[in-house]
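Below is one structure; the comments refer to it alone.
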Amino acid sequence: MKRAVIIFGEHHSGKSKTINQYFKPLVGIQERQKQFYIKEKIGYILSQSMEEKENLEKVKIVDKKYLDEVNEMINKYVGYDLLIVATRSEEESYSLKKPVQEVLRKNEYFVNCIEILKGMDEEYYRMKANNIYALLDI
């Protein structure tokens, strides 16, 4: 079964920190690497928030163009057994969390979501990385 974890939170909440400083060492890869393995499954990390990648902070509205781009972006990676995707929280008007979740499910991923909160201690981010690993290592 294909699995995905959506890591979501507000801007500068620690999503990238959780992935780069704590998750990537768990799977034995360097900070700039995106591909990883858990047992015999191959995974890929989309660690920059989809909203930042599409520069949606300035748009404030998610229109059909951006939804099509989410579909196109995710479809590039559906060959992977495991995916990690970062998005903004749904409370933000330009969040792509729901469309990302829908596209992943449409592509037969079992999807879990993990919220990352801003301003927590380092042990919090370490724990979140361990949670991501556990959800993918099933």
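Here are the numbers for this structure:
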read-out	value
Helices (runs of 4 or more DSSP H) (entirely within the range 1-118) containing at least 3 residues that are closer than 20 Å to Leu135 by Cα and at pLDDT below 95	97-106
Unmet requirement for Tyr125, which otherwise passes all of (1) among the aromatic types (Phe, Trp, Tyr); (2) within 20 Å of Val27 (Cα to Cα); (3) part of a loop (DSSP other than H, G, I, E, B)	(3)
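The values are calculated or read from the model by the stated rules, or taken from the named source; none is laboratory data. Note that the structure is a prediction, hence the values are computed from the model and not measured.
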